[in-house]
Amino acid sequence: MLFAREPRAGRVKTRLQPRLTPGQAAELYTAFLRDCAEALAASVASLKIVAVEPPEAESCLRSLLGAPEGLAFEGQPGGPLGERLEALCRRAVGAGCGRVVLLGSDSPSLTPWSIDESLRRLRSADVVIGPSVDGGYYLIGLRAEALPSAAPAVFQGIEWGTGRVLEQTLAALPGGLRLSLMPPWYDVDVPEEAAFLRVHLEALARSGDDTTASHSRAALRGLDLPPPGYRPMMR
């Protein structure tokens, strides 16, 4: 399940401003969404959902993403992020899913392999987490049998948008649940991270991979960005 927001100027990727204009930030986020949706569509998941916020933007997202084959769209419930994550997890399990993986839309260079591998690991693990280098995570997945023990603990009381998300999630994870950690990856929230993404994608293209995050690679070209780097999240 991919969490996606309507890419409205001034409402998305605001931490890229003022280095980028609100319009440029929205266009870049649109490219992120297209790449993430294509990665999800190419995965082995049997049910592939784009969870849209706000719910009334569903038709807009369908049109914007071109509705890659195999993707379903549904609106996110209301409430804070943790409540939405938990509610959509419970909704998927209630619909008969045995394994659920939730993805953000800030890591457009993530490949279908990460989705497939996280689902594979959930055959034996109860929870899988993909740590991001800024202290959060780029995906979290649960086995249906583990949901009553894991939720709401791993979704409530978390300081979302800070560098403590991963730390607090691990601390909240009930003992006895089997955890599997994916390789660390990176999100793109600030201009320095966008600059690194640009270098990374151009390097991939140079090495022969011109398909990974192709929309983001095209959108990043020509943008006025600082030198690549990592800046810790500020609370």
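The values are calculated or read from the model by the stated rules, or taken from the named source; none is laboratory data. Because the structure is a prediction, the values reported are computed rather than measured. Using ideal geometry, Cβ is built from the backbone for each residue, glycine included, and neighbour counts are taken over all protein chains shown. SASA here: full protein model, heavy atoms, side chains in, ligands and nucleic acids out. Shrake-Rupley method; radii C 1.70, N 1.55, O 1.52, S 1.80 Å.
Does the stretch 151-161 include one or more residues that are among the polar types (S, T, N, Q) and within 13 Å of Leu85 (Cα to Cα)?
The answer is yes; a qualifying residue exists.
Take the residues in the stretch 170-192 that are in contact with a helix residue (DSSP H, G or I) (Cβ under 9 Å, 6 or more places away or on another chain) and among the acidic types (Asp, Glu), then tell me which one is surrounded by the most Cβ atoms within 10 Å (Cβ to Cβ).
Filtering the stretch 170-192 for residues that are in contact with a helix residue (DSSP H, G or I) (Cβ under 9 Å, 6 or more places away or on another chain) and among the acidic types (Asp, Glu), the one surrounded by the most Cβ atoms within 10 Å (Cβ to Cβ) comes out as Asp187.
Scan (1) closer than 30 Å to Thr21 by Cβ; (2) modelled with pLDDT under 95 for the single condition Glu202 breaks and write down its number.
Result: Glu202 passes all but (2).
Give me the pairs, please: first residue somewhere in the stretch 200-221 and on the phi > 0 side of the Ramachandran plot, second residue anywhere and among the hydroxyl-bearing types (Ser, Thr, Tyr), beta-carbon distance under 7 Å, and either six or more positions apart or on two chains.
Pairs that qualify, where the first residue is on the phi > 0 side of the Ramachandran plot and the partner is among the hydroxyl-bearing types (Ser, Thr, Tyr), are Ala213/Ser109.
When the residues of the stretch 193-222 are filtered to those that are open to solvent by 30 Å² or more (accessible area, probe 1.4 Å) and among the hydroxyl-bearing types (Ser, Thr, Tyr), which remaining residue is farthest from Leu33 (Cα to Cα)?
Ser207
Would it be correct to say that Glu53 is among the acidic types (Asp, Glu), open to solvent by 30 Å² or more (accessible area, probe 1.4 Å), farther than 23 Å from Asp209 by Cβ and at pLDDT 95 or above?
yes
Starting from the stretch 163-189, keep only residues that are under 14 Å from Val128 (Cα atoms), then list their pairs with residues that are assigned to a helix (DSSP H, G or I) and acidic (Asp, Glu) whose Cβ atoms are within a distance under 7 Å, requiring at least 6 positions of separation or different chains.
Cβ pairs passing all conditions: Met182/Glu117.
Answer yes if at least one residue in the stretch 197-210 is within 23 Å of Met1 (Cα to Cα) and assigned to a loop (DSSP other than H, G, I, E, B), and no otherwise.
No - not one qualifying residue is present in the stretch 197-210.
Which fully enclosed strands (runs of 3 or more DSSP E) of the stretch 1-106 have 2 or more residues being out of contact with any Phe, Trp or Tyr (no Cβ under 9 Å at 6 or more places or on another chain)?
2-5, 71-75, 99-103
Can you give me the number of residues within the stretch 1-49 that are crowded, with 21+ Cβ neighbours inside 10 Å and among the aromatic types (Phe, Trp, Tyr)?
Going through the stretch 1-49 one residue at a time, the tally reaches 2.
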